[in-house]
Amino acid sequence: MKAPAFEYHDPTTLAEAIALLCRLENARPLAGGQSLMPMLNMRFVQPDHVVDLNRIAELSGIRVLPDGALEIGAMTRQRDIERDARVAQACPLMVEALAQVGHRQTRNRGTIGGSLCHMDPAAELPLVCAAVDAVVRIAGPGGEREIPFAEFPLGYMTPAVGPDELLVGLHVPAAPKGQGHAFLEFARRHGDFAIVAVAVLLDPGPDGRVARASVALGGVGPAPLRLAEAEALLRGTAVEDDAIARALATTASLDPMEDALVPGWYRRHLAGVLLGRALGIARERMA
Amino acid sequence: MSVFGQSVMRLEDAPLLRGEGAFAADIDFPRQIHMRVVRAEMAHARLVSVDVTPALDLPGVIAAWSAADVAEVPPIPFRATKVRGLEPYCQPILAQGRVRYVGEPVAVIFAEDAAVAEDAADLVLVELEELPALLDAAAEPTDFDATRNTEPTIVRKSYGELDAAFRDAHVVVALDLAIGRHSGVPMETRGAIARYDAAQDVLELHGTAKKQHWNRDEIARLLGRAPSSVHLFEGHVGGGFGVRGELYPEDLLVCLAALRLRRPVKWIEDRREHLVATNHSREQRHRIRAAVDAEGRILAIDNVFFHDQGAYIRTHGARVADMSAGLLLGPYRVPAYRATGHFRLTNKTPAATYRSPGRFEGSFVRERLMDAIAARCGLDRVEVRRRNFVDVSEMPYARPLDALGTDVVLDSGDYALLLDKALARFGWDARVADVARRRAAGESVGLGLGVFVEKSGLGPSDGVRMTVDATGAVELVTGAASVGQGVETALAQIAAAALGVDYRRVRVVRGRTDRIEFGSGAHASRVTVMSGSATHQAGLALAALAKQTAAALLQTPEDALEIVDGVVRRVDTPEGASVTLGEVARALAPGTKLSRDRATPGLTVESWFHSDHMAYPYGVHLAQVALDRGTGQVKVEHYLVGYDVGRAVNPMLVEGQIAGGFAQGLGGALYEEFRYDERGQPLSTTFADYLMPTIAEMPPLDILVTEDAPSPLNPIGVKGAGEGGTNAVGAAIASAVDDALGGRGQVTQLPIMPRDVLRFLAEGAA
């Protein structure tokens, strides 16, 4: 478990980093290192170059926009986001999810951008971004582009970031007043990647009924999955028990991933159980 | 007040807390090179060829070997079995002709640094021709080689009229039970650093643990050297648990390389290697039957089991199967018994002992059986155990059985008393009522118990040399080893109490073959019993010598003297004339008049303690669990370990042992398992897949240490404390989960997986 030989680069500006990525063949950006370092040591990845982003100050930080939305730099540490009162205000779902991201020690180093780009199918932060309709900013040689998070995952552990591009930040809309949220996951141990994770947002309309519902599942597909059908079934309801039951019924048609350790039926079952619980919690929190 | 029995601070901690410890990876020598092992990637295959030449071309690579290069080194022998005929199943240090498990060493690289060695290892060409993998020890044996099959032996033990008992039984209870494959996974992986001192013609091995003297003798023998020209050294050890410190292929390979290449050779196991290369343990399937009378008393037990030894037989021989047969019966009176242990090889990592070997497995099996007997006879689960206990009046209680080569004679114990104390401390009756209320409200909660007898203090002999120097400092040289459990502190306390000094004045030297000729290391909960007793005797003998000498110096009768805090003084006038132990030592220095009356000069004694039988501590585990009916997750809400250790030298250390041991038992009960796919590829090769419990998984744990049954077999009454925290965790948690499910006996295997719990809940509802 010694990393293969690679050349190390430590740019101090984004422009410099992009220039390096354009110039170098087979390069990997290094964010907080909580996934890449073990992958290097296990030789799951064998880059010729590692471009360390940790000295690029402009990639870190949290900003609140006039409309209350958040701009979060890709290199912002997970722990800094978790402890930020402004994030708790604008996106309580993210704070609730962060408590289950790895362990405090890994969150001290791990970054939000690193997690989004690693894109483990069961990771919490991509799931939150899917649920809140975040917009991601990607920088490349031709400048920056913005895409909705829904277009960010291209497949299993594959973000829409080209080899000469970097994720630089994300835009998180502010939670509307009265929004009910819940993030639940099931892992056999605290801190593990979830077997299944669920994020739910319920936005009340003027009549107190659900104006907009967001239901997202992690650990079920190759990337976070929005349950559009369940969302439609919840819209316009007061999240009564039978509305929840109708939403849950949609999980029966899920065709989850299966691996040697976790059978598909168990993931499907957990999706239903956790979604039921999450909807119950979010209903209580909706005001 | 004597320091014996006090929860004093550990002597070991200062360097550990300052980061000044010396674990294997901390050890470096000038000019050292690094070894990397190339491991088999198939579970079972014909080894067609190994070509190391591409690796040799890489700059920085010094040597690369496959089996042909080490053909003169015999396979690794046994140290712990009396079963004959196992030799053909020993592991060669590099695979010969066949590979038999994923992770088996096939070749080795020696290079200037560890990364280059790993680069080079990737270049070795290993040609394999896959053969079918055997993965189920309960399936029909297949061919091991041309003349042998995969069942090297059947361990048989029996006594009493078994057939008659089953014929006359009121009921027969039969269960099919399985324990999953898991093992000790210490924080520190293995490591070995060999150095050949050509000037002195001495081969040194550093980073060792557990069994320095036996390993020294065998390394010497296998490499054709005199034992006195090989020395093993122990630094700090980051956990042993049975798996560290056995003699493995890598230990011999670094020694051989140091001799051949004339440079120090360092090997540090990485975690991924550890999970496929270091001993596995535990996997066993039992088909057990009990003949029971109308009152729920056991008449006979028939224990047929299948032990999954993995691909080779390692240093322990058939020991775990032997203990699974010989120690199964625990605290119960069983008039007739038969054990048939099918000791079988499969294509998995070889197995051996892990903390409470054969007993974690046996307690799960026996206590599941007791629960089933209670259910069948309509008895309370606690009551059925009480009815079958060996009574305190029957002690010592000889079973017509042997285990570890010694007759099983339970030396002392009041099992019913400890059960009463544990139930009271746990609040069992109140919890029974509370559980009933919560169930009525729709929760799935349950209580479970496991009662067990441990074993400790395996003989036959241990010696120490205890010396006071001219400054009054005490040195205790022992052949015991430390795997981090507090050996120095416990032995220092015993020495200090017997001699009459501050325990912090005692330096304990352990795990070194160059300081003491014989030793048995640290295993089988034996150090405090065996080395502790030898230390106690040495301390008393040293005190007697000091008083005898001081009597001459002070012109005072010996029996008027006492030793307090390192000072020899009169009992009746403590403020009067006195001498320090340092002064006594100086009076016995070579050349002094007083020293000439003695065989050896100095204030020093060597003392040996011998024991033919083991001391048997015993315990009770009690668990309360709640099941998440949606996810199947088992939450342990409360847990108690009650353990009688005879006498506790340091109760804090005993509790520490129990808490750590419990965490490992919890792993085996709910989390940890080495899994394989159908071709024998290991699926649990990182800590993301092999789930060690963390502090977040630890439930509230209560520990009740009692001292009601001191061992009559040693002068200080102690019994080993190392394994009782682990022993019955699987048993008690299985019992509690089953109770939460309605007591149907559905829990028949460990670890208990959430999806199994869901299935049980569905079955119960159907």
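Read the figures in this text as sums done on the coordinates, not as results from a lab. Nothing here was measured: the structure is a model prediction, and the numbers come from that model. Ideal geometry is used to build each Cβ from the backbone, glycine not excepted, and the neighbour counts take in all protein chains shown.
Key figures
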{"read-out": "Segment B:99-123 versus segment B:631-660: alpha-carbon centroid distance in Å", "value": "41 Å"}
{"read-out": "Separation in nanometres of the label points that stand 7 Å from Cα toward Cβ, at residue B:593 and residue A:48", "value": "8.8 nm"}
{"read-out": "Isotropically averaged projected area of segment A:180-285, using the convex hull of Cα atoms (one quarter of hull area), nm²", "value": "6.3 nm²"}
{"read-out": "Residues of segment B:257-285 with amide N under 19 Å of the 7 Å Cα→Cβ point at residue B:96", "value": "B:257"}
{"read-out": "Cβ-defined net charge surrounding residue B:305, 9 Å radius [Lys, Arg +1; Asp, Glu -1]", "value": "+1"}
{"read-out": "Mean Kyte hydropathy of -1.0 or more with a Cα span along the axis of at least 24 Å, helices from DSSP in chain A", "value": "A:264-285"}
{"read-out": "Reach of residue B:593 by Cα under 18 Å, taken over lysines that are not fewer than 8 positions away in the same chain", "value": "B:547"}
{"read-out": "Packing-based order for B:530-541, B:416-427, using average beta carbon neighbours within 10 Å, highest first", "value": "B:530-541, B:416-427"}
{"read-out": "Added length on full extension, which subtracts the Cα-Cα distance from 0.36 nm per residue, residue A:209 to residue A:258", "value": "14.0 nm"}
{"read-out": "Nonlocal amide H pairs with residue B:702, under 5 Å, H built at 1.01 Å", "value": "B:639, B:640, B:641"}
{"read-out": "Estimated translational D of the protein assembly as shown in µm²/s (Stokes, Kirkwood radius over Cα pairs; 25 °C; 0.890 mPa s)", "value": "77 µm²/s"}
{"read-out": "About the Cα centre, charge dipole magnitude for the protein assembly as shown (Lys/Arg +1, Asp/Glu -1 at Cβ), debye", "value": "1380 debye"}
{"read-out": "Cα-based reach from residue B:82 at 29 Å (exclusive), listing lysines while leaving out same-chain residues under 8 positions away", "value": "B:157, B:210, B:211, B:348, B:455, B:719"}
{"read-out": "Segment B:458-610 shape via C-alpha gyration tensor axes, a/c threshold 1.5", "value": "prolate"}
{"read-out": "Hits among lysines - C-alpha to C-alpha of residue A:2 under 24 Å, sequence gap 8 or more where chains match", "value": "B:266"}
{"read-out": "Relative contact order, percent, segment A:180-285 [alpha-carbon distance under 8 Å, six or more residues apart]", "value": "29 percent"}
{"read-out": "Contour minus Cα-Cα distance for residue B:551 and residue B:113 (0.36 nm per residue)", "value": "151.5 nm"}
{"read-out": "Average other protein chain Cβ within 10 Å of Cβ, residues B:626-632", "value": "4"}
{"read-out": "Of the chymotrypsin sites (Phe, Trp or Tyr not before Pro) in segment B:672-764, those whose Cβ has at most 16 other Cβ within 10 Å and which sit in DSSP loop", "value": "B:687"}
{"read-out": "Inter-label distance for residue B:515 and residue A:1, nm, one decimal - labels placed 7 Å from Cα along Cα-to-Cβ", "value": "3.1 nm"}
{"read-out": "Extension gain (nm, one decimal) between residue B:471 and residue B:174, 0.36 nm per residue minus Cα-Cα", "value": "100.3 nm"}
{"read-out": "Net charge of Cβ neighbours under 13 Å - reference residue A:42; Lys, Arg +1; Asp, Glu -1", "value": "-1"}
{"read-out": "Dipole magnitude of chain B, debye to nearest 20 (Cβ charges: Lys/Arg +1, Asp/Glu -1, about Cα centre)", "value": "780 debye"}
{"read-out": "FRET efficiency estimate (nearest 0.05) - Cβ-Cβ, residue A:190 to residue B:259, R0 51 angstrom", "value": "0.60"}
{"read-out": "Inter-label distance for residue B:572 and residue B:221, nm, one decimal - labels placed 7 Å from Cα along Cα-to-Cβ", "value": "6.0 nm"}
{"read-out": "Radius 13 Å from Cβ of residue B:645, net charge of other residues (Lys, Arg +1; Asp, Glu -1)", "value": "-4"}
{"read-out": "Cβ-Cβ FRET estimate between residue A:13 and residue A:147, R0 fixed at 25 Å, reported to 0.05", "value": "0.60"}
{"read-out": "Sorted peptide list for B:87-93, B:281-287, B:620-626, criterion being average Cβ within 10 angstrom, highest first", "value": "B:620-626, B:281-287, B:87-93"}
